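Here, each number is a calculation from the coordinates, and none is a lab measurement. These numbers were taken from a predicted model, which means no experiment stands behind them. Note: ideal-geometry Cβ built from the backbone for every residue, glycine included; neighbour counts use all protein chains shown.
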Amino acid sequence: LAKTTQPISMDSYEGQEVNITCSHNNIATNDYITWYQQFPSQGPRFIIQGYKTKVTNEVASLFIPADRKSSTLSLPRVSLSDTAVYYCLVGVMNTGFQKLVFGTGTRLLVSP
Amino acid sequence: DAGVTQSPTHLIKTRGQHVTLRCSPISGHKSVSWYQQVLGQGPQFIFQYYEKEERGRGNFPDRFSARQFPNYSSELNVNALLLGDSALYLCASSWQGASNQPQHFGDGTRLSIL
C-alpha cells in the first residue's frame with residue numbers, strides 16, 4: 001500500500017510560487033499521482049494528475065522524477081484564495097478498483 | 001454540467017439510530033466511492049462501487065453498507081450509530097474508477113451524532 005508523506009503546513013505570501021513536495025517511496029508501477037485541494041466544509045477538488053516527468057494545466061504544475069518516489073506540486077503566484085489543505089495521493093489499483101489513500105495533507109496559508 | 005450531488009447536506013442523529021446518505025454522480029460516471037472525513041484528518045476510504053458491484057471496501061465495521069443503483073446513484077447506510085461516526089461523509093465519482101481517472105467529490109453530508 002503506497003503511503004505518502006508531505007509537510008504538515010506551509011506559509012507563503014501573495015504572488016509567490018509555492019512548491020509542495022510529497023514522498024511516496026513504495027509507489028507501484030501502474031499508480032498515478034494525484035493532487036487535491038480542500039477548503040473547509042467542502043469536498044476535495046481535483047488539481048492535477050500525472051504518471052511521470054512534468055504535467056501542467058491552467059492552475060498548477062506537477063513534477064515527477066524518473067524514480068517516481070516523490071512528486072512536487074507547483075502553484076505559480078498564489079493568492080489568498082489558495083489558502084487550503086493540499087493532499088497528495090497515490091491511486092492504489094487492485095483487481096479493477098481504485099482506493100485513494102489520503103494522508104493528513106499540507107495546510108497552506110497565504111498571507112497578504 | 002452538474003457535479004456530484006449529495007443529500008442531505010446536514011443531519012443530526014442520536015446513538016443507536018440508522019442513517020441513509022445519498023449520492024448522485026456526475027452524468028456518465030459509473031463508479032462511486034464513499035469516504036469518511038473526521039475533523040482535522042484526511043478522508044478515509046469506505047467503499048467503491050462500479051457498475052452496481054462493490055469493488056473495494058475500507059477498514060470499516062459491518063454497520064456500514066452501501067449500494068449502487070441502475071442509474072449509478074448510490075446510498076451509504078450506517079446502522080447502530082456511535083458518537084465516533086460523527087464526520088463529513090464524502091461521495092466521489094469517476095468514469096470507471098481506474099487509477100488514472102480523477103475522482104470528483106461532492107461537498108459531503110455533515111453527520112452529527114448526539
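Below, the figures for the structure above:
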{"quantity": "Of all residues in the stretch B:5-47 being within 13 Å of A:L100 (Cβ to Cβ) and outside any strand (DSSP E or B), the one that is nearest to the other protein chains (Cβ to nearest Cβ)", "calculated": "B:G42"}
{"quantity": "Hits in the stretch A:12-37 (condition: over 14 Å from A:P76 (Cα atoms) and among the charged types (D, E, K, R))", "calculated": "A:D31"}
{"quantity": "Top-ranked residue of the stretch B:48-102 - restricted to ones that are outside any loop (DSSP other than H, G, I, E, B) and in contact with a Cys (Cβ under 7 Å, 6 or more places away or on another chain), ranked as nearest to the other protein chains (Cβ to nearest Cβ)", "calculated": "B:C91"}
{"quantity": "Count of residues meeting criterion [surrounded by fewer than 22 Cβ atoms within 10 Å (Cβ to Cβ) and closer than 17 Å to B:A92 by Cβ] in the stretch A:58-93", "calculated": "3"}
{"quantity": "Condition met for A:V110 (assigned to a strand (DSSP E or B), over 13 Å from the mean Cα position of the chain (by Cα) and among the β-branched types (V, I, T))", "calculated": "yes"}
{"quantity": "Strands (runs of 3 or more DSSP E) enclosed by the stretch A:1-105 - at least 1 residues per element that are closer than 28 Å to B:Q6 by Cα", "calculated": "A:33-38, A:45-50, A:84-94, A:97-100"}
{"quantity": "Residue that is surrounded by the fewest Cβ atoms within 10 Å (Cβ to Cβ), among those in the stretch B:6-55 that are within 13 Å of the chain's Cα centre (by Cα), under 25 Å from B:L114 (Cβ atoms) and of a type in the set (A, V, I, L, M)", "calculated": "B:V19"}
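To keep it simple, each residue is scored yes or no on (1) of a type in the set (K, R); (2) under 12 Å from A:V85 (Cβ atoms); (3) away from chain B (no Cβ under 11 Å).
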| site | (1), (2), (3) |
| --- | --- |
| A:K3 | yes, no, yes |
| A:S9 | no, yes, yes |
| A:A28 | no, no, no |
| A:W35 | no, yes, no |
| A:F39 | no, yes, no |
| A:Q49 | no, no, no |
